[in-house]
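Any read-out appearing in this document is the output of simple, stated calculations on the displayed coordinates, not a laboratory observation. Every value quoted in this text rests on a predicted model; they were computed, and no experiment measured them. Neighbour counts run over all protein chains shown; Cβ positions are idealised from the backbone, glycine included.
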Amino acid sequence: VIERVLAMQVFADYEFKILIDNLDIGFDLFCHNHCIALLALIRAARDFNNRPAIRNHAQVILFIRDDVRRHLLGIESDSSKIFGSYELPLDWYEGRTIPSRNLRLRRFVNKRIAENFLRNGLDYYREDPWYSYVDEYDNPNNSKSIFRSILDYTFFRPRDIINLFRPLDADDYELPLSKASIKKLLKIYSQRVFEELRDELKIKYPGDEYTRIFNIISKIAELDLKNNDNGMAREEVKALLPEDKADDILRDFYEYDIIGYIDNIGDRHYHCRNSLPTISVEKCRLVMPRILKLYFDRSLKIRL
């Protein structure tokens, strides 16, 4: 129906983006019918976007979680080909060498900040609105910008930044934000991160296994916190896991950014950074992201 309507001449001079999100709600990763239905939707979107009559002015975009995508690969004979040919990964991590103000995440944030200042009739630094929002000068002894330090507590996604500053809508904070205010916001944000993790893992670990997995995550956090940010030996962590599933769970935990790897030169590798060590992961130490450790220990020192 959408295709027939948009093919009408009256719409020829307009462009449309049809965005379909929240496909994971009610989705059962282990229900074959759910997987087949989602693959059918993906094919329908592909076919719609390839229609000559409308492809120049209309497009359907589906947002699919990484874990759902990984599970769909190989479900049917063409599923890997579909993703390989038509997917566009959303990767916001750009490495450590690009200046903070040139990062795509910084530009995204600056647009939202500028819009908020304009909407409220407030003056701001137009060259880089971030400086009107956060007091980067409250950082005299650190060569790393506060923006970069904040990113170390996120998974490099726009919604992380949005969720971090969401309490500003309800509470009275003075702008530009001080380091003390940001530390307070990070502690609040850690709660939201953990809640989102609980939601995401519901489709991966059903029933009693879900409860057991979160007990394991708590034990890993306790172990990592004892090691003062030096990471954990792989065998230490495996000892907390069911022996017959240990390697699979560790792989899942990396893909969900519950753990990362510390290589032989001390570099840290996380899935959200699309980063893997050059040495075997079996030779790496394991580490939990800072924001998750902060959830389990609110007294943890926050590095800004």
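Spherically averaged projected area of the convex hull of Cα atoms, the chain: 20.0 nm².
Distance from the alpha carbon centroid of segment 57-78 to that of segment 235-264 works out to 26 angstrom. With 20 Å as the limit on Cα-Cα distance, the pairs of 204/283; 202/238; 219/245; 179/219; 187/301; 204/293 that go past it are 204/283; 202/238; 179/219; 204/293. Cα centroid separation, segment 1-17 to segment 275-304: 49 Å.
Measuring from a point 7 Å past the Cα of residue 10 along Cα-to-C-beta, which residues in segment 52-76 have an amide N at less than 18 Å? Of the residues in segment 52-76, 54, 58 have backbone N under 18 Å from the label point off residue 10.
Averaged over residues, the count of other Cβ atoms within 10 Å places the peptides 170-177, 69-76, 108-115 in the sequence 108-115, 69-76, 170-177, highest first. With each label modelled as a point 7 angstrom along the Cα→C-beta vector, the residue 49-residue 283 pair spans 4.0 nm. The residues packed around residue 34, meaning those with a beta-carbon under 12 Å from its beta-carbon, carry a net charge of -2 if Lys and Arg are +1 and Asp and Glu are -1.
At a 10 angstrom cut-off on C-beta neighbours, averaged per residue, how do the peptides 251-263, 18-30 rank from highest to lowest? Please list the in-between numbers first.
Details: 251-263: 19.5, 18-30: 12.2.
Going from most to least packed, we get 251-263, 18-30.
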